[in-house]
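Visitor: Got a structure for you, written out below as structure tokens; questions coming shortly.
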Amino acid sequence: MQSVKLQQNDATFSLDATFNIDLSPIIQDALHKGIALPFVLDFNVMRQRWNIWDQTVVEASLPYRLSYNVLTRQYHIRDKLRGRDKNFDTLEQVLTAAGIIMDLAVFNAEQLMPEVEYEAQVRLRLEAGALPSALQLEALESDKWEVSSPWYRWVMD
Amino acid sequence: MKLTRIKKLKKTTLSVIVAVSLCFGFYLLYLLSTQITTTSDVFNELPILLGVGVGLIVVLMILVGAQVLVTIRRYRAGVFGSKLTVRLILVFVMVSVVPGAVMYGISVQFLAGTIETWFDIRVDSALEGGLNLGRANLENGLGELQRKADSMAVSLSYQNTATQVASIDSLRDQAAISEATLLTTTGAVVASSNSGADSIIPLAPTQSMLRQAQLQQSYAGIEENGEVGLLLRVVVPINHLEEEMQILQVTQLVPERLARDAAMVQVAYRDYQELSLSRYGLQRLYTLALTLSLGLALLCVVLMAVMFSNRLSAPLGFLAAGTRAVAQGDFSQRAPISRGDELGFLTESFSVMTGQLSEAKEAAEKHEIALTQGNAYLSSILETLSAGVLTFDEGLNLRAYNPSAEQILGQSLEGALPSGASNPDGLEAMRVLIRTGLSGSDKSQWERQVEIVVEETKKILLVRVSTLSGGEFPGFVVVFDDVTHLLQAQRLALWGEVAERLAHEIKNPLTPIQLSAERLSRRLGPKLEEHDATMLERSVKTIVDQVAALKGMVNAFNEYSRNPDRKSELIDVNGLVLDVIGLYQATAAPIETNLASDEIFLWGDTGKLRQVLHNLIQNAEQAVFERAAPEILIETTVTSNTTQIRVRDNGPGFSDEVLSRAFDPYYTTKAKGTGLGLAIVRKIVEEHDGAVAIRNEEPGAVIEITMPLSHTIVNPKHLKKTV
């Protein structure tokens, strides 16, 4: 996690976040063998309550895939939700690009009540459940497949 | 009832668990074999599936453990049928575990082998080669496009902007490329040419491409174009001599077929790599699934084995319990199990058998009860029978008797039974009778009259002996009656009749005799001389006196033979005795008394009892008449419910003959006696339900009267004495 910023444009709140993505050798190997890596950005807004269970007010997630074309030897980020589709020539480029999420509309202002303290949290993870099923088994057994940033929490202003 | 319901519930629960486990095992196997190869979301379901499987296995293990523990405990305790249960369980487990384990081993080996065969170095290199081939092909095309772009750039570099716009189409046509775009260094389009019919907005080069071109480097790349196609793109700088440099971008669509083939190779390569990456995971997962399924199946089999074994050996347990119960005489055991097999048949047969035994036992019991009742009836008849009954075996040992026999013989016969040692006299008399009867005739029944002495009184018995020949108990039955009283009564009745007739016959002539004598005296007296007259008168007087005496005697006869009316009142015995002896104060023999200190009361006729005392005292006086110092003693004593009045004297005593006949009427040893004194005594005493006994006792003789006491008197002092 490098930076995170929540901006209000009129009625919409949008998220800017930058992550450092570090792939283990086994995942890099899989990526270079043509296997697409499904990433998910999770964003929640929670209202703190007196008990230990906080109430989740906003729940947003952004799935996108990072892949490598063995034929063209290009890296590829495809974000169907936002129509982002970009090629990259090197791994560093594509990891940097994959770690930057800009201007992601996460919730509307009316979803939150004024003068209530909310807490936001964000993380980026590799979603093992979206891997090809044969690999899911491998991912189940081995923690080398686990790529996830910890939840980054902050209290909203 | 509750217990069986719980048992049933337990059984059902077990069955359900087994069924669920088996189903789940199969389902697990199915899921794992299908879902892994499909692209569904295994990731989320797999942990649940595995968790449930492991949970089921744990539950099954607990159940099996409990069942096995119970079975072992039963086996240790030696419960009948547990050995069979254990053996059946072992057989079931052997039968299922061995093939299961073999199948498991083969499956695991097969699985590993199969998965290994997917990954072959040749396939690997073939895919790699295919990929390289496609890549080479594309790079070839890219190199050609590069050359074309270079030549186009050279031709364009000599032209100004206007001619460039005009010539780009022809240049593109010559080079046979899809699209050519001329740009400024900032990326603005100067001219563009497209092979397509409709004009498409030209593809813009990226910033990095532009930058690369500005640095006089050309860019050549294969790019993905949309969903299907591949695009070759080359960006080259165009250097003008005096003008600013320009940038040319040419693109060429890879032929669709080539693109598709390349994509296919790519997909195959990716899939292969995917599998290759997950091969160990797959192998482990399949093995895990197999192990889980095997575990479920085996545990289910063991559980079922326990259940089946219990079910199979349950009838044995019942049979064992039933046999034990029957041995203890309980025939109520019925088989609770109804089954169609041989064991069921066996238990049912057993139930039928116990049922029949039970009925037979009931019948026997009924029979025995009837027999006992019959026996009781017979013995009660025997007991109430007034006749004495004795039975002897062939050796003349007493076998049975009734109370009347004891009463008549005046002896307890209990000791005379074969087990006892005593041998009462009466019994010996009976034996003598049987022996003489046996020797006398060969009849099976004979009758005799026997005299026996019981408690110093003679009894006459009428004895009937029957021989019991054949049957289970051969011997003799002796039935006897005490006929003493009967004979006495007969004798008395006879005497009464004789007395009456005699009285009648004698009395009839007496009056004429008397009258005749008186007339003789009256008629002849005056005519005779004084001497003769005196003699006559004396003789007549004698006649008259004797006739009167005769009359008195005859009247006494009558009196004796008549059944007199009896008055009944309470009598004070001691008072009566004192009253009677008061009349004898003047006689020669002094009468002493020794009376009971208690007052004695009995019901009776005072006059008659008074006569009894008179008779006895007179008897005693006559007995002591010749003694120098005559003594007469009257005693009264009381026992529990009788009173005794004894009259003792110091006379000569009785001879044996007198002892046996003293109470017979008209038997006398005295010259002037009527022979009725003691007979009357006995008659009166017997009328009062008493008994009289006579015996010799120092210093002379004693006559004892035993009378029953009155029980109705609560407090005799309140009664007026009758004396």
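Visitor: Among all residue pairs at least 6 apart or on different chains, which show Cβ distances below 6 Å where the first residue, located in the stretch B:483-508, is in contact (Cβ under 8 Å) with a residue 24 or more places away in the chain and the second is part of a helix (DSSP H, G or I) and of a type in the set (A, V, I, L, M, F, W, C)?
Guide: B:Ala499/B:Phe557; B:Ala503/B:Val554; B:Ala503/B:Phe557; B:Ile506/B:Val554; B:Lys507/B:Val554
Visitor: Now, a different point. Could you tell me whether A:Val106 is in contact with a His (Cβ under 8 Å, 6 or more places away or on another chain) and surrounded by 14 or more Cβ atoms within 10 Å (Cβ to Cβ)?
Guide: On the way: in contact with a His (Cβ under 8 Å, 6 or more places away or on another chain): no; surrounded by 14 or more Cβ atoms within 10 Å (Cβ to Cβ): yes.
For A:Val106, the condition - in contact with a His (Cβ under 8 Å, 6 or more places away or on another chain) and surrounded by 14 or more Cβ atoms within 10 Å (Cβ to Cβ) - is not met.
Visitor: Has the stretch B:520-527 got any residue that is closer than 30 Å to B:Leu676 by Cβ and not basic (Lys, Arg)?
Guide: Checked the stretch B:520-527: no residue is closer than 30 Å to B:Leu676 by Cβ and not basic (Lys, Arg).
Visitor: Related question: In the stretch B:570-599, which residues are at pLDDT below 80 and either in a helix (DSSP H, G or I) or aliphatic (A, V, I, L, M) (or both)?
Guide: B:Ala586, B:Ala588, B:Ala589
Visitor: Something else: Tally up the residues in the stretch B:67-104 that are surrounded by 12 or more Cβ atoms within 10 Å (Cβ to Cβ) and part of a helix (DSSP H, G or I), please.
Guide: At the first step, the residues of the stretch B:67-104 found to be surrounded by 12 or more Cβ atoms within 10 Å (Cβ to Cβ) are B:67-68, B:70-72, B:74-75, B:79-93, B:95-97, B:100-101, B:103-104.
From the residues that got through so far, the ones that are part of a helix (DSSP H, G or I) too are B:67-68, B:70-72, B:74-75, B:82-93, B:95-97, B:100-101, B:103-104.
Residues meeting the conditions: 26.
Visitor: Exactly one condition in (1) within 12 Å of chain B (Cβ to nearest Cβ); (2) more than 16 Å from the chain's Cα centre (by Cα); (3) not hydrophobic (A, V, I, L, M, F, W, C) is not met by A:Asn9; state its number.
Guide: Among (1) within 12 Å of chain B (Cβ to nearest Cβ); (2) more than 16 Å from the chain's Cα centre (by Cα); (3) not hydrophobic (A, V, I, L, M, F, W, C), the lone unmet condition for A:Asn9 is (1).
Visitor: Please state which of the following conditions A:Tyr64 fails to meet, knowing it meets all the rest: (1) under 24 Å from A:Ala139 (Cβ atoms); (2) more than 14 Å from chain B (Cβ to nearest Cβ); (3) touching a residue at least 40 places away in the same chain (Cβ under 8 Å).
Guide: (3)
Visitor: Look at A:Val116 and say whether it is out of contact with any helix residue (DSSP H, G or I) (no Cβ under 6 Å at 6 or more places or on another chain) and assigned to a loop (DSSP other than H, G, I, E, B).
Guide: It is true that A:Val116 is out of contact with any helix residue (DSSP H, G or I) (no Cβ under 6 Å at 6 or more places or on another chain) and assigned to a loop (DSSP other than H, G, I, E, B).
Visitor: Go through the stretch B:201-216 and give me each residue that's in contact (Cβ under 8 Å) with a residue 12 or more places away in the chain and in a loop (DSSP other than H, G, I, E, B). Talk me through it step by step, then tell me what you get.
Guide: In the first step, residues of the stretch B:201-216 are kept if they are in contact (Cβ under 8 Å) with a residue 12 or more places away in the chain; the result is B:202-205, B:207, B:209-210, B:212-214, B:216.
B:Pro202, B:Leu203, B:Ala204, B:Pro205, B:Gln216, listed by residue number.
Visitor: Could you tell me whether the stretch B:117-130 includes any residue that is farther than 15 Å from B:Leu248 by Cα, touching a residue at least 12 places away in the same chain (Cβ under 8 Å) and in a loop (DSSP other than H, G, I, E, B)?
Guide: Scanning the stretch B:117-130, I find at least one residue that is farther than 15 Å from B:Leu248 by Cα, touching a residue at least 12 places away in the same chain (Cβ under 8 Å) and in a loop (DSSP other than H, G, I, E, B), so the answer is yes.
Visitor: Charged (D, E, K, R), without any contact (Cβ under 8 Å) to a residue 12 or more places away in the chain, out of contact with any His (no Cβ under 9 Å at 6 or more places or on another chain) and not in a helix (DSSP H, G or I): is that true of B:Glu144 in this structure? Break it down stepwise before answering.
Guide: Details: charged (D, E, K, R): yes; without any contact (Cβ under 8 Å) to a residue 12 or more places away in the chain: yes; out of contact with any His (no Cβ under 9 Å at 6 or more places or on another chain): yes; not in a helix (DSSP H, G or I): no.
It is false that B:Glu144 is charged (D, E, K, R), without any contact (Cβ under 8 Å) to a residue 12 or more places away in the chain, out of contact with any His (no Cβ under 9 Å at 6 or more places or on another chain) and not in a helix (DSSP H, G or I).
Visitor: Next up: Taking the stated definitions as given, is B:Gln644 of a type outside the set (Val, Ile, Thr) and part of a helix (DSSP H, G or I)?
Guide: Against the criterion (of a type outside the set (Val, Ile, Thr) and part of a helix (DSSP H, G or I)), B:Gln644 does not qualify.
Visitor: Within the bounds of the stretch B:328-340, is there any residue that is assigned to a helix (DSSP H, G or I) and either out of contact with any Phe, Trp or Tyr (no Cβ under 6 Å at 6 or more places or on another chain) or farther than 30 Å from B:Val59 by Cβ (or both)? Spell out the reasoning first.
Guide: Initial filter on the stretch B:328-340 (assigned to a helix (DSSP H, G or I)): none.
There is no residue in the stretch B:328-340 that is assigned to a helix (DSSP H, G or I) and either out of contact with any Phe, Trp or Tyr (no Cβ under 6 Å at 6 or more places or on another chain) or farther than 30 Å from B:Val59 by Cβ (or both).
Visitor: Restricted to the stretch B:333-359, and to residues that are at pLDDT below 80 and under 13 Å from B:Phe318 (Cα atoms), which residue is surrounded by the fewest Cβ atoms within 10 Å (Cβ to Cβ)?
Guide: Going through the qualifying residues, I end up with B:Ser338.
Visitor: Cβ-Cβ below 7 Å, separation at least six or inter-chain, first residue in the stretch B:372-391 and part of a helix (DSSP H, G or I), second of a type outside the set (Gly, Ala, Ser): which pairs?
Guide: Note: pairs meeting the criteria are B:Leu382/B:Val389; B:Leu382/B:Asn402; B:Glu383/B:Asn402; B:Glu383/B:Pro403.
Visitor: More than 22 Å from A:Gln74 (Cβ to Cβ), of a type outside the set (Gly, Ala, Ser) and surrounded by 15 or more Cβ atoms within 10 Å (Cβ to Cβ): which single residue out of B:Val154, B:Val190 fits that description?
Guide: Working: B:Val154 fails: surrounded by 15 or more Cβ atoms within 10 Å (Cβ to Cβ).
Testing whether each residue is more than 22 Å from A:Gln74 (Cβ to Cβ), of a type outside the set (Gly, Ala, Ser) and surrounded by 15 or more Cβ atoms within 10 Å (Cβ to Cβ) leaves just B:Val190.
Visitor: Within the stretch B:693-723, how many residues are modelled with pLDDT of 50 or more, among the aliphatic types (A, V, I, L, M) and part of a loop (DSSP other than H, G, I, E, B)? Break it down into steps so the answer makes sense when it comes.
Guide: Step one: of the stretch B:693-723, the residues modelled with pLDDT of 50 or more are B:693-711.
Still in the list and also among the aliphatic types (A, V, I, L, M): B:693-694, B:701-703, B:705, B:707, B:709.
Filter once more, keeping what is part of a loop (DSSP other than H, G, I, E, B): B:709.
Within the stretch B:693-723, residues that are modelled with pLDDT of 50 or more, among the aliphatic types (A, V, I, L, M) and part of a loop (DSSP other than H, G, I, E, B) number 1.
Visitor: Okay, moving on. Answer yes or no: is there a residue in the stretch B:667-679 that is within 29 Å of B:Trp603 (Cβ to Cβ) and small (Gly, Ala, Ser).
Guide: The answer is yes; a qualifying residue exists.
Visitor: Still on this structure, please answer the following. Report whether or not B:Val98 is within 60 Å of the chain's Cα centre (by Cα), touching a residue at least 12 places away in the same chain (Cβ under 8 Å) and more than 14 Å from chain A (Cβ to nearest Cβ).
Guide: On the way: within 60 Å of the chain's Cα centre (by Cα): yes; touching a residue at least 12 places away in the same chain (Cβ under 8 Å): no; more than 14 Å from chain A (Cβ to nearest Cβ): yes.
So B:Val98 does not fit the description; no.
Visitor: Would you confirm, using the coordinates I've provided, whether B:Ser192 is over 21 Å from B:Gln217 (Cβ atoms), more than 14 Å from chain A (Cβ to nearest Cβ) and not in a helix (DSSP H, G or I)? Let's see the steps before the verdict.
Guide: Values: over 21 Å from B:Gln217 (Cβ atoms): yes; more than 14 Å from chain A (Cβ to nearest Cβ): yes; not in a helix (DSSP H, G or I): yes.
Against the criterion (over 21 Å from B:Gln217 (Cβ atoms), more than 14 Å from chain A (Cβ to nearest Cβ) and not in a helix (DSSP H, G or I)), B:Ser192 qualifies.
Visitor: Could you tell me which of the residues A:Thr90, A:Thr96 is out of contact with any strand residue (DSSP E or B) (no Cβ under 8 Å at 6 or more places or on another chain) and surrounded by fewer than 16 Cβ atoms within 10 Å (Cβ to Cβ)? Before you say what the answer is, go through the steps one by one.
Guide: Values: A:Thr90 fails: out of contact with any strand residue (DSSP E or B) (no Cβ under 8 Å at 6 or more places or on another chain).
Going through A:Thr90, A:Thr96 in turn, the sole match is A:Thr96.
Visitor: A follow-up question, please. Based on what the data block shows, is A:Pro25 more than 11 Å from chain B (Cβ to nearest Cβ) and either within 12 Å of the chain's Cα centre (by Cα) or at pLDDT below 85 (or both)? Show your work before the answer.
Guide: Values: more than 11 Å from chain B (Cβ to nearest Cβ): yes; either within 12 Å of the chain's Cα centre (by Cα) or at pLDDT below 85 (or both): no.
Considered against the rule, which asks whether it is more than 11 Å from chain B (Cβ to nearest Cβ) and either within 12 Å of the chain's Cα centre (by Cα) or at pLDDT below 85 (or both), A:Pro25 comes out as no.
Visitor: Counting only residues that are outside any helix (DSSP H, G or I) and away from chain A (no Cβ under 11 Å), how many does the stretch B:253-288 have? Break it down stepwise before answering.
Guide: Kept after step one, since they are outside any helix (DSSP H, G or I), are these residues of the stretch B:253-288: B:253-255, B:278.
Pick out the ones that are also away from chain A (no Cβ under 11 Å) and you get B:253, B:255.
Total meeting the criteria: 2.
Visitor: Would you check which residues across the stretch B:20-54 are surrounded by 12 or more Cβ atoms within 10 Å (Cβ to Cβ), within 14 Å of chain A (Cβ to nearest Cβ) and modelled with pLDDT of 70 or more and list them?
Guide: Matches in the stretch B:20-54: B:Leu31, B:Leu49, B:Leu50.
Visitor: Quick one: how many residues across the stretch A:74-94 are free of Cβ contacts under 8 Å to residues at least 12 places away in the same chain and among the charged types (D, E, K, R)?
Guide: Residues of the stretch A:74-94 free of Cβ contacts under 8 Å to residues at least 12 places away in the same chain: A:83, A:85-86, A:92.
Going one step further and asking which of them are among the charged types (D, E, K, R), we end up with A:85-86, A:92.
Residues flagged as free of Cβ contacts under 8 Å to residues at least 12 places away in the same chain and among the charged types (D, E, K, R) within the stretch A:74-94 amount to 3.
Visitor: OK, next. Does B:Val250 satisfy the criteria of being crowded, with 20+ Cβ neighbours inside 10 Å, within 14 Å of chain A (Cβ to nearest Cβ) and part of a strand (DSSP E or B)?
Guide: Here the answer is no, as B:Val250 does not meet what is asked.
Visitor: Let me ask something additional. Any chance the stretch A:46-53 includes a residue that's under 19 Å from the mean Cα position of the chain (by Cα) and either within 14 Å of another protein chain (Cβ to nearest Cβ) or surrounded by 14 or more Cβ atoms within 10 Å (Cβ to Cβ) (or both)?
Guide: First, pick out the residues of the stretch A:46-53 that are under 19 Å from the mean Cα position of the chain (by Cα): A:46.
If we keep only those that are either within 14 Å of another protein chain (Cβ to nearest Cβ) or surrounded by 14 or more Cβ atoms within 10 Å (Cβ to Cβ) (or both) too, we end up with A:46.
Yes, that holds for at least one residue.
Visitor: Then there's this: Inspect the stretch B:441-460 for any residue being in contact with a Pro (Cβ under 8 Å, 6 or more places away or on another chain), surrounded by 14 or more Cβ atoms within 10 Å (Cβ to Cβ) and not in a loop (DSSP other than H, G, I, E, B) and give the result as yes or no.
Guide: Filtering the stretch B:441-460 for residues in contact with a Pro (Cβ under 8 Å, 6 or more places away or on another chain) gives none.
Among the residues of the stretch B:441-460, not one is in contact with a Pro (Cβ under 8 Å, 6 or more places away or on another chain), surrounded by 14 or more Cβ atoms within 10 Å (Cβ to Cβ) and not in a loop (DSSP other than H, G, I, E, B), which makes the answer no.
The values are calculated or read from the model by the stated rules, or taken from the named source; none is laboratory data. All values reported here derive from a predicted model rather than from experimental measurement. Methodologically, a virtual Cβ is constructed for each residue, glycine included, from the backbone with ideal geometry; neighbour enumeration extends over all protein chains shown.
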